[in-house]
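Asks: Please find one structure pasted underneath; my questions will follow.
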Amino acid sequence: MSLLRRPGPRPDAGTAGPLPSAPFVERVAGWSARHARTAVAGWFALVGLAFLAGQLLGTQALQQYDPGQSGVAEQALHELNVTRPPAESVLVQARGPGSAGLTFAADPRMQQAVREVAAALRGLPGAATGIRAAVLTSGATGPASGTGASASGLVSADGRSALITFDVPGPRAQQDATVRPDLAAVARVQAAYPDLIIAEGGNASAGAAGDALLESDFRRAEYTAIPITLILLLIVFGALIAAGIPVVLAGSAVAATISLLAIPSRFLPIRSGTSEIVLILGMAVGVDYSLFYLRREREERAAGRSPAQALRVAAATSGRAVVVSGLTVMISLAGLFLSGIELFTGMAFGTMIVVGVAVAGSLTVLPAMLSLLGDWADAGKIPFFGHRRTAARPSLLWAALVRRVVRHPVIWGGAAAAAMLVLTVPALTMRLGNPFVDLPANVPVAQTLARISAAFPGSPAPAVVVVTGKAVAAPGTHAAVAELERRASVSGPIRPPVTASWLASGRGLIVDVPLAGNGTSGVSDAALLTLRDQVLPQTLGRVPGIGYAVTGSTATTYDWSTTLRSHTPVVFAVVAALAFLVLMIAFRALLLPLASIVLNLLSVGAAYGVITLVFQDGWLHGLFGATPGTGIAQWVPLFMFVFLFGLSMDYHVFILSRIRERCVQGMAVTDALTDGIAASAGVVTSAAVIMVAVFSIFATLSFVDVKTLGVGLAVAVLIDATAVRGILVPAAIALMGERTWYLPRWLSWLPGWQLTDTGRPRAVPSPGLT
């Protein structure tokens, strides 16, 4: 690609069609402009077909497995066609001012309520199995009664709470539907006993509440993102039509992608949270790409070019920057494929699709719409903002700042880098973990689970050893299980009672092994490792013809943590390396991509520090509904990195492209810095404000981990668009000088700009426009 015209007149200067040897992006824009109606109709036809296909196919709830041994055990159970039904509990508890002295044994209403709940559950065919209810038995006086009766183990130690436990049958993927009759039956009993707390909690009910909340959040994000974006674009452009173009393109890209998720749901786990992330990310990048392209086209028209010439220049400059930025974002998102977490692969696929569709729309249908609209793109002037020109003037403020930075790059750059490193310091104390209940505290089922945990502070769920193989019923297996039972002790890492049960008509065996600790502590993790690495290899591991794997809540949490810890450095390294290659090819420079990656890492580190201060240390926690001291959800830092590394490059690529253009035209590096950043200030600021606003929607949703992601993304984009753009980028390039564009001779085959003997970039002769 070149921005310089060959000597001599161009016969096509007044047409929209570039020469056949023009760069691909420019040729696409020229075709779209010449066949505008076909391009626009084709785009919306494709969106309609995607929506229709999504409705006909439907998104499948594909079976997903946890990482590590837990996933191996789950897969073994699935192959045996065995489901471990989610366990549910119904809490019956006295409430009100006069409830202090009431106990289950002394309160006939509590006893009657327990019987009615159990009867209601039994009256729902197929809705509940394995029902166990608190009962009174005759015997010696117990602490729960104070009478001649003692309570069962489903009555709390203080006697004020009782439980009914049961299992929800059927696949876990359908537990949202199968648990509803149980919840309705419990609610009917609750209505008959207003003086009691009768509430259900467990894995199935928590999952159903979480999915309903996610769906509600998605609708709220959908209803909020588009109006906010449109309002900000109205302010930017001052005209209704121009402001509506990016919203229409981004919205259609999101709609098409969410519909198309029905296809990868056949081979990748696609969950409801995927659509939420696709919506937010798709609106952010879709609007940004359209904004970059549209503002450049309007800028060229304001400079006196014909509409056809303006489109070609916008394609050759902003269009190319959109392609490079889109590739970088997609590479970053592809890092989730290396996370080792099966659930993340669906999210990676969905977000990569929406970015790719947004890039395609910006390069094809956007030029066609601009060609069709012509001057009508400026129609619908907005009062107070309608006076805005089609192209923003160079920013005097940013130009003045850059000139100061260029004169003293060490001082300004060092101060900005030091400030970002100070913000990064809190991230060194970041604690990663998974909450016991991943629901907001105000959700009824979360409150119920908290009450159950307080009334029945028992041991954690046992480790579940799944044994399969041809010799699973052999005498050696029986002997190994017996030896495993003998190794359990009340003070050791594995505790009694160790129980075993057959699966699938004797084709499999499940051994439940209680562990020391509370299920999430280091004691429980150590006990799990003792079981996996020592006890099982010395017992079941010595039996030929069988295999085993350990799952359970403790094992699942541990496997998630260790998988993320081990894979995250790989994701960081691969994403950074691939981004470096893309930028090196795009700019034909070696030092510039390195500087961009370092600056990106600085902004990511600063964002990590901010979320640590807010969501772990408690700064402004009330504003976001966070609970201080709970730590950061394990998946958030990884997602923040892959999102931010790509999105930060969005601004870097656009700004560096403007600087490079001026260098190619013969400006010195320092002058190109000032002019390029000042000329792009308006569009970059506008894009950053829109992206910050869209990401801030995350902070208004229900789940704290999603709030954390939203705050981190918004902070990082804000830092990128201010400190990085205005200080660190010009300081770094000023320090590198002409070496900014250095490329070894053995890489001179790369396409694009070439370098003269003095190191100053010049254009490769090829058709183009200034």
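What follows draws every value from the coordinates through simple rules; no lab data is involved. Bear in mind that the values here come from a model prediction, so they are computed numbers and not experimental data. Reconstructed Cβ throughout: ideal geometry from the backbone, glycine too, with neighbour counts over all protein chains shown.
Asks: What residues have an amide H closer than 5 Å to that of G618, excluding those fewer than 5 places away on the same chain, when H is modeled at 1.01 Å from N in the peptide plane?
Replies: Excluding prolines and chain starts, which carry no amide H, the hits are G629.
Asks: Just order 587-595, 402-410 by mean Cβ neighbour count inside 10 Å, highest at the front, would you?
Replies: Details: 587-595: 21.3, 402-410: 17.4.
Result, highest mean first: 587-595, 402-410.
Asks: I'd like the Karplus ³J(HN,Hα) series for segment 523-531: coefficients 6.51, -1.76, 1.60, θ = phi - 60°, whole numbers in Hz, and an x wherever there's a Gly or Pro.
Replies: Values, residue by residue: 4, 5, 4, 5, 5, 4, 5, 4, 5 Hz.
Asks: Continuing with the same structure: Among DSSP beta bridges whose residues both lie in the chain, state the antiparallel percentage, nearest 5. Present the calculation step by step, with values, prior to reporting the outcome.
Replies: Details: 41 of 43 bridges.
Just about 95 percent of them are antiparallel.
Asks: While we're on this one: Quote the Stokes-Einstein diffusion coefficient, in whole µm² s⁻¹, for the chain, based on the Kirkwood radius over alpha carbon pairs, a temperature of 37 °C and a viscosity of 0.692 mPa s. List each step's numbers first, then the result.
Replies: On the way: Rh = 29.5 Å.
The calculation lands on 111 µm²/s.
Asks: Using Cα-Cα distances under 8 Å and only pairs 6 or more residues apart, what relative contact order does the chain have, in percent?
Replies: Working: 1380 pairs, mean separation 146.3, N = 770.
After rounding, I find 19 percent.
Asks: Taking amide H atoms as placed 1.01 Å from N in the peptide plane, list the residues 5 or more away in sequence, or in a different chain, whose amide H sits under 5 Å from that of A199.
Replies: Under 5 Å from the amide H of A199: L91.
Asks: Would you mind putting 484-494, 644-654, 463-473, 672-682 in packing order, based on average other-beta-carbon counts within 10 Å, highest first? Mind dumping the intermediate values first?
Replies: Working: 484-494: 15.0, 644-654: 26.2, 463-473: 20.5, 672-682: 23.5.
Descending packing order for the listed peptides: 644-654, 672-682, 463-473, 484-494.
Asks: For segment 631-721, what relative contact order do you get, as a whole percent, if you take Cα pairs closer than 8 Å and at least 6 residues apart? Let's see the in-between values first.
Replies: On the way: 74 pairs, mean separation 31.3, N = 91.
Reported relative contact order: 34 percent.
Asks: Right, another one. Could you pull out the trypsin sites (Lys or Arg not before Pro) across segment 633-725 that fall in loop regions by DSSP (anything but H, G, I, E, B) with no more than 12 other Cβ atoms inside 10 Å?
Replies: Working: sites: R658, R660, R662, K707, R725; in loops: none.
Sparse-neighbourhood loop trypsin sites (Lys or Arg not before Pro): none present.
Asks: Summing +1 for each Lys or Arg and -1 for each Asp or Glu, what net charge is found among the other residues whose Cβ lies under 12 Å from the Cβ of V550?
Replies: On the way: positive: R532; negative: D66, E74, D512, D533, D559.
With Lys, Arg at +1 and Asp, Glu at -1, the net is -4.
Asks: With just the Cα atoms defining each centre, how far is segment 247-262 from segment 321-359? Give it in Å.
Replies: Measuring centre to centre over Cα atoms gives 15 Å.
Asks: Rounded to the nearest 500 deg cm²/dmol, what is the calculated helix-only ellipticity per residue at 222 nm for the chain, with -39500 (n - 2.57) per DSSP H run of length n ≥ 4? Don't skip to the end; give the middle numbers.
Replies: Numbers: 25 runs with 422 residues, N = 770.
Computed mean residue ellipticity for the chain: -18500 deg cm²/dmol.
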